[in-house]
Every structure is written in C-alpha cells, then in structure tokens.
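Input: a single structure, listed below in structure tokens.
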Amino acid sequence: MGRIVLKNVTKSFGNTQVIPPLDLTIEDGEFTVFVGPSGCGKSTLLRMIAGLEDLTSGYIEIDGDDATQVPPSERGLAMVFQSYALYPHMTVRKNIGFPLRMAKMDQSEIDKKVETAAKSLNLMDYLDRKPADLSGGQRQRVAIGRAIVREPAAFLFDEPLSNLDAALRVGMRLEIGELHERLQTTMIYVTHDQVEAMTMANKIVVLQAGVIEQVGSPLELYHKPRNKFVAGFIGSPKMNLIEGSEAAKHGAQTIGIRPEHIDVSTTDGMWEGKVGVAEHLGSDTFIHVHGVEGCDPMTVRAAGDMSVKNGETVFLTPQSQNIHKFDAEGLRIE
Amino acid sequence: MSDRKLPRLLQTPAVLLLLVWMLIPLGLTLYFSFIRYVLNNLRRPEWTTPSISNWRGFGNYEFVLNNKDFVLAIQNSLLIVCSILFLTVILGVVIAILINKTFPGQGIVRVLLISPFFVMPAVNAVLWINMILDPVLGLQGIAVGSINDLIGSLREAPVIGAFFSLWPELEPISFRATQTSAYAVIIMVTWQWTPFAVLIFMTSLQSEDQQQKEAAVLDGAGAWSQFRFLTLPHLGRPIAIVVMIQAIFHLSLYAEIEIVSRGNGNKNLPYLIGEFANNNIGAASATGIFAVILANIVAIFLLRMIGKTLME
Ligand SMILES: Nc1ncnc2c1ncn2[C@@H]1O[C@H](COP(=O)(O)OP(=O)(O)OP(=O)(O)O)[C@@H](O)[C@H]1O
Ligand SMILES: [Mg+2]
C-alpha cells in the first residue's frame, strides 16, 4: 500500500515561499518522477513527504490517513539519498539491518532479511565491508538495500544516481526499474536527468519554481506538452520554439517543433539556413542551423550518415502533424 | 623506487632532529639510572660526578621499588590520570553536544567555556584550593556554613522543626588532607582541561554528516540511538586524541600536587622523581624510566579500550 495525497501543501523558508499551494495525488504502486530545473523545489517536496521538512500549511495523506503530524519514522516511507548517507562505522550487514534493529526485531530474523536483500542486490560478497571500501554503485545498492528491508509503503529517491558515472547510471537505472516491477511498491523519484525521467516513470511531474506545470505519462508530456515550459523541458535536444510570422501562419504566438520532426534536405524544403555545428553521434547527427527566421539556431536531427559541412546550405521541412502551437500565455492550442 | 629517494633525503634532517631530541634525554636518563650519581655526598665524593665506574646495575631500580612511596605514587598517578580522562571526556562530549545547537549568545558562551584552558596550572591550583575548596574561607566552606545556618534556623521553626532536627550538621571536606588531596587535583585539572575536550569534540561534531542523521531518523532511530550509533563512533577518533594528549600531560602533573599538599599522601611519579632529584639523580632517573614504561602501558591500554568500545 502506498497512496500519497498532497492537499494545498505550501512551504516557506523565512519569507520566501518555495512551494506555493500544491495538490498532487500519487497512486499506489506508481513510479512517479519529479523533474524540473535546479532549485525548483523537488527535494523540498520529497523531504516534506518524508517528514524531514515541516509543512508551512496544507496536509499530507498516506493511505487515507492524515500524516501531516506523523513523525518521519512512523510514515512507513524509506528514502535513498544522493550522498547515500550510509553509516560509515558499520559494515554493510549492519547498515542494511539498522532499521530492523531500531524496530527491535530478533537478530536471527534481521540476519535472514539482510541476506535476502543482499542476495537480490548482488551484495553477498561485500556484507562485511565498511562503506568506505565500496564503489559508488555498490554504496548506492547498500542504500537501496537499507530501504528495501523495511518493506516501506513507498520509496523516495532523491537524485540517487547523479554521483555515478554514465555507464553505471544506465545499469542502476535498470536495476531500480526491475526493483519496481518486482515489488510493485510506490516510488517517488527526483531527478533532473530527462532520460531517467522518460524511461523509468509511469507518471512525470514537471515542476518550475514550486509550481506543477504538468502531470502525465512520459509520452503524454512528449506529445502534448501543456505549455511552452514543458515543451522545452521534456525531450532532448530541446524543442525548437519559433516566433513571429512563421508562428502567425499557424494562428499561434509561438510554434514548437522537435528536432526529430524536421526533415533535412540539401536540395529543397520549406526553410533555408546555413549549417553551424554538426554533432555526429554515430546513430544520429544533430545539426544546428542558422538563419531560419524566428528561431536561431534551429536544431534538427538527421540520420547518422548525413554528411554536411559548416557553412553549407540546407533546407528544412517540419512534419506538419507534429507542430505544437502555443498562445500568448504560452499555453497549448489544440 | 629511485623517485622515493629525494623525499627520504628531504625528510632526514627533521627525523634526525627528532631522534636527537628524544634519544639523548632518554639515553642519558637510562645511563644515570644504572650508575650511582648523587649531587652531594661528603663521604663518597666520587659519586657526585656521573661516571661509568660508579656502575650500580639495577641497584637504583631496586632502591626505588623498595621506597615506601613508590607503589602509592603509581596508584596515585593512575587514579589521577584515569579520573581526569573519564571526567573530561564525558563532560566534553555532553557540553560539546549542548553548545553545538544554535542558540542566542552562542559566541560568548563558547568563549567563556574555553577560557579555563588559558589559566596557568599553578594559578588554577591556587585559585581552586584557596578560593573554592577551602573548608573555611573557600566557596565550599561558605556554602556548607550557610546550609548549616539555614537548617539550624529551621530547627527552631514550629511544626517542621522536629523533622529538621533529625538532619545532621554538614561537615566541610578538607581537600588538603592525605585522603582527599588527590580529589582536589582531579577536580581542578578536570575543570581546566574540559574546554580542551569540548573544543576538539565541537569541531568534530560540526563535520558530522546531516544526511546520515536524517537517514537514521527515517530508519526509526531516536535521539539516543543516533547518539550511540552515529555521533559516538564519529567522535571515536577525537576521543582517542583527547585521551592520548591528556594522558601524556597528566602523567607529568606537578604544580597542582605541589600546591595542594606538597605531595603529602598525594605523590605521583613526577613528584617522586622531584623528591629524589633533590639529591639522588640515579634513583630519580630510575623512577623516570618507570614513568616511561607506565605511560606506554597506559597509552596502549586506553587506545585499545576506546577502539573496541566505540568503533564497533
Ligand atoms: N533550508 C533552507 N533554507 C532556505 N532556503 C532553502 C532551504 N532549503 C532549500 N531552500 C530553497 O528552496 C528552493 C528549492 O530547493 P530544493 O533543494 O528543493 O531544489 P531542488 O529542486 O531539489 O534543486 P536541485 O535539482 O538543485 O537539487 C531553492 O531555491 C533553495 O534555495
Ligand atoms: Mg535537490
């Protein structure tokens, strides 16, 4: 069980309001990802759910019960921190067993549960080591193990992978995804990495300055961004936003077109421009095109074998069914 | 391997200096402890200059071991050092944790707390023994006197008087007496050295990881468990440092003992050395060697104990 409801939640530090009134429902078993630019209040929101940060007003419900005043240890939530926050003087075994020991469980039962968790996380060989003698990925697995043994109602992750290198991050991403498949427990995951958000989430919550800009499944956010901010934030490379006469043709203040929805040709097309930088990734080529009216530079995705040179003239044609239109307030026009 | 040579070469002067600094005094002490060497002896004037021809073997050691004050001095050294260590570490941890929280007037409180450390040992001893611990004129005497006066006047009171007349008259403790002078030394040195412990523990507490604490809170650890399983192990190393440094300093306490009781019933090894050194340098040196051995035993024992209990 783990249905979390936030109602009219606000948070101020001194006189600065970091989270204006906010409502959010996280269904049981869902993998919810909070994304947003740095400083938008993702961690604060997560810490409020965990109980580490007091609410300025509003209330939090966990499984139907008001949890606003419930101390963090009794909310039944487990948190995994970016810095792992392992206990440096304890072995891996003691670290994972610590929450059970605090719950005054029998030593024999603690041992059993620790072993089960360690097995599922491939930590059996490291049980008697101290955290200092582990690699970053192993430490993160210990932190996850410490969360799993408690059998929490929900897991809270605060950028758990951002201290790992790129390859390890992909591996751990999959492991966390599999963990969710296996346990079917609610997970709330904070990240500013798009790929993590898109690949792992059932539901993405896009935040900006403490305000929820949009809530939806990854593909919903990709195909139907509610406003210009979400449009620019979701997707990599960023969506091209075009203003001026081109937008007016579509009856909008701004139109947006993703780099992957633009056809590139060296002979003819709707817009003409000069190649600035071409980034060859092997599978794709990202070309930054200068000189298109209303959007400079415009990023387009071309096939990996596309060979264009700096200064060369190219023609671009947007796929008309994939053009997003936004009004003067930046909201989506259907 | 060859790129190790230059650093080694550069270290040599410092290492040599340290060796000379340590080895010459130690060597001389060892040498004197095996010969007859006194400052003044009319019948045997040849003993007044150190010479290998005055070889005495373990005679000086035997002489010291048979001295009636030797066992007392060892016991007293241990009692004083261990009590001070125990008290300063406990007080230091408690005070450091209390003042680590933010509160108004924090800066002033911290400076005041550190100030005893800047008082000279002899002054510290004079202040404590005369102004605070003195059974008549010190704070203690005044406090005991006024409590007695208060109880005395309560005895005259109508109903409750009967109850208070069952109370005994309080006796002030004389800290210059044979049995209690060691306690006076312990009290005054603890007062002086607690700030040192507080200072070291406070710096260490400030480097404690807050996310670990939050993780512990979520794991259901209360205040005591957080202290026991996170803070105390975190303080393990600083505690070891405080214990080591203080053990070195307090094994050689002298001024306080001189001022409180002139060694009356309260000698420690350095004081015994001082007494021997009035004339018998050989015996003083032998005692010095005993002191070195004792210091090593104490250090090893204490470090083992701290390592075991705190680091899990
Ligand atoms: N204890 C605090 N006191 C005052 N302001 C704070 C405090 N904690 C956070 N803030 C402010 O609240 C805002 C949100 O912070 P938060 O840590 O939630 O951001 P975030 O979205 O997690 O950012 P990041 O992606 O960089 O981790 C920031 O502007 C920050 O300066
Ligand atoms: Mg954050």
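The values are calculated or read from the model by the stated rules, or taken from the named source; none is laboratory data. Note that the structure is predicted; figures quoted are calculated from it, not measured. Neighbour counts are summed over all protein chains in view; Cβ atoms, including those assigned to glycine, are modelled from backbone coordinates with ideal geometry. The area values use the complete protein model at the heavy-atom level, side chains included, leaving out ligands, DNA and RNA. Shrake-Rupley method; radii C 1.70, N 1.55, O 1.52, S 1.80 Å.
Observations on the model:
- Any hit, the range B:92-100, residues being surrounded by 13 or more Cβ atoms within 10 Å (Cβ to Cβ), in contact (Cβ under 8 Å) with a residue 24 or more places away in the chain and among the polar types (S, T, N, Q): yes
- Subset tally (residues that are open to solvent by 60 Å² or more (accessible area, probe 1.4 Å) and either closer than 10 Å to A:LEU164 by Cα or assigned to a loop (DSSP other than H, G, I, E, B) (or both)) for the range A:126-141: 3
- Those strands (runs of 3 or more DSSP E) of the range A:177-263 in which at least 1 residues are touching a residue at least 24 places away in the same chain (Cβ under 8 Å) and surrounded by fewer than 23 Cβ atoms within 10 Å (Cβ to Cβ), considering only elements entirely within it, cover A:203-208, A:211-216, A:240-243, A:254-257.
- Matching residues, the range B:199-213, being within 32 Å of the chain's Cα centre (by Cα) and either over 20 Å from B:ILE239 (Cα atoms) or buried (at least 16 other Cβ atoms within 10 Å of the Cβ) (or both): B:LEU199, B:ILE200, B:PHE201, B:MET202, B:SER204, B:LEU205, B:ASP209
- The lone exception for A:SER73 - which of (1) more than 16 Å from ligand 2 (Cβ to nearest atom); (2) more than 14 Å from chain B (Cβ to nearest Cβ); (3) of a type in the set (Ser, Thr, Tyr) it fails: (2)
- Condition check for A:GLN17: part of a strand (DSSP E or B) and either aromatic (Phe, Trp, Tyr) or within 12 Å of ligand 1 (Cβ to nearest atom) (or both): yes
- Lone qualifier among B:ALA184, B:ALA216 - being more than 14 Å from chain A (Cβ to nearest Cβ), assigned to a helix (DSSP H, G or I), buried (at least 16 other Cβ atoms within 10 Å of the Cβ) and of a type in the set (Gly, Ala, Ser): B:ALA184
- Members of the range A:297-318 that are open to solvent by 40 Å² or more (accessible area, probe 1.4 Å) and in contact (Cβ under 8 Å) with a residue 60 or more places away in the chain: A:ARG301
- Exactly one residue out of A:MET172, A:MET79 is part of a helix (DSSP H, G or I) and open to solvent by less than 50 Å² (accessible area, probe 1.4 Å): that is A:MET172.
- In the range A:35-56, the residues that are within 7 Å of ligand 1 (Cβ to nearest atom), within 14 Å of another protein chain (Cβ to nearest Cβ) and more than 13 Å from the chain's Cα centre (by Cα): A:THR44
- With respect to the conditions (1) closer than 20 Å to A:ASP158 by Cβ; (2) out of contact with any helix residue (DSSP H, G or I) (no Cβ under 6 Å at 6 or more places or on another chain); (3) open to solvent by 10 Å² or more (accessible area, probe 1.4 Å); (4) without any contact (Cβ under 8 Å) to a residue 40 or more places away in the chain, A:THR91 lacks only one, and its number is (1).
- Among the criteria (1) buried (at least 23 other Cβ atoms within 10 Å of the Cβ); (2) out of contact with any strand residue (DSSP E or B) (no Cβ under 9 Å at 6 or more places or on another chain), the one B:GLY282 does not fulfil is (2).
- Qualifying residue in the range A:287-296 (condition: modelled with pLDDT of 90 or more and open to solvent by less than 30 Å² (accessible area, probe 1.4 Å)): yes
- Criterion: more than 25 Å from A:VAL230 (Cβ to Cβ), away from chain B (no Cβ under 13 Å) and away from ligand 2 (no atom under 16 Å from the Cβ) - qualifying residue of A:TYR59, A:TYR87: A:TYR59
- Among the residues of the range A:41-56, those that are within 9 Å of ligand 2 (Cβ to nearest atom) and crowded, with 21+ Cβ neighbours inside 10 Å comprise A:GLY41, A:LYS42, A:LEU46.
- Residue in the range A:173-186 that is within 14 Å of ligand 2 (Cβ to nearest atom), away from chain B (no Cβ under 14 Å) and modelled with pLDDT of 90 or more present: no
- Applying the criterion of being closer than 17 Å to B:ASN296 by Cβ and outside any helix (DSSP H, G or I) to the residues of the range B:231-279, the residue that is least open to solvent (accessible area, probe 1.4 Å) is B:ASN268.
- Neighbours by Cβ (under 8 Å, 6+ apart or cross-chain): first from the range A:40-60, touching a residue at least 40 places away in the same chain (Cβ under 8 Å); second hydroxyl-bearing (Ser, Thr, Tyr) and within 12 Å of ligand 2 (Cβ to nearest atom): A:GLU53/A:THR44
- Looking across the range A:144-160 at every residue that is within 16 Å of ligand 2 (Cβ to nearest atom) and within 11 Å of chain B (Cβ to nearest Cβ), the one that is surrounded by the fewest Cβ atoms within 10 Å (Cβ to Cβ) is identified as A:ASP158.
- The one condition in (1) under 29 Å from A:PRO131 (Cα atoms); (2) away from ligand 1 (no atom under 16 Å from the Cβ); (3) modelled with pLDDT under 95 that A:VAL92 fails to fulfil: (3)
- Taking the listed residues A:GLY58, A:GLY41, A:GLY36, the one that is in the same structural domain as A:SER162 (by TED's automatic domain parsing), among the small types (Gly, Ala, Ser) and within 17 Å of A:ALA201 (Cα to Cα) is A:GLY36, with no other qualifying.
- The sole residue among B:GLN106, B:GLN179 that is free of Cβ contacts under 8 Å to residues at least 60 places away in the same chain and either farther than 30 Å from B:SER207 by Cα or of a type in the set (S, T, N, Q) (or both) is B:GLN106.
- Contact map, the range A:139-159: residues that are within 16 Å of ligand 1 (Cβ to nearest atom) paired with residues that are open to solvent by 10 Å² or more (accessible area, probe 1.4 Å) and not basic (Lys, Arg), Cβ distance under 6 Å, separation 6+ or inter-chain. Pairs shown: A:LEU156/A:MET79; A:ASP158/A:SER43; A:ASP158/A:GLN82; A:GLU159/A:GLN82.
- Qualifying residue in the range B:59-78 (condition: farther than 20 Å from B:ILE273 by Cβ, assigned to a helix (DSSP H, G or I) and not small (Gly, Ala, Ser)): no
- Residues considered: A:ALA201, A:ALA209, A:ALA197. Of these, the only one that is within 24 Å of A:GLU329 (Cβ to Cβ) and of a type in the set (Gly, Ala, Ser) is A:ALA209.
Let's see how each residue does on (1) surrounded by 10 or more Cβ atoms within 10 Å (Cβ to Cβ); (2) not acidic (Asp, Glu):
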| residue | (1), (2) |
| --- | --- |
| B:LEU9 | no, yes |
| B:VAL20 | yes, yes |
| B:TRP55 | yes, yes |
| B:GLU62 | yes, no |
| B:PHE70 | yes, yes |
| B:SER83 | yes, yes |
| B:LEU87 | yes, yes |
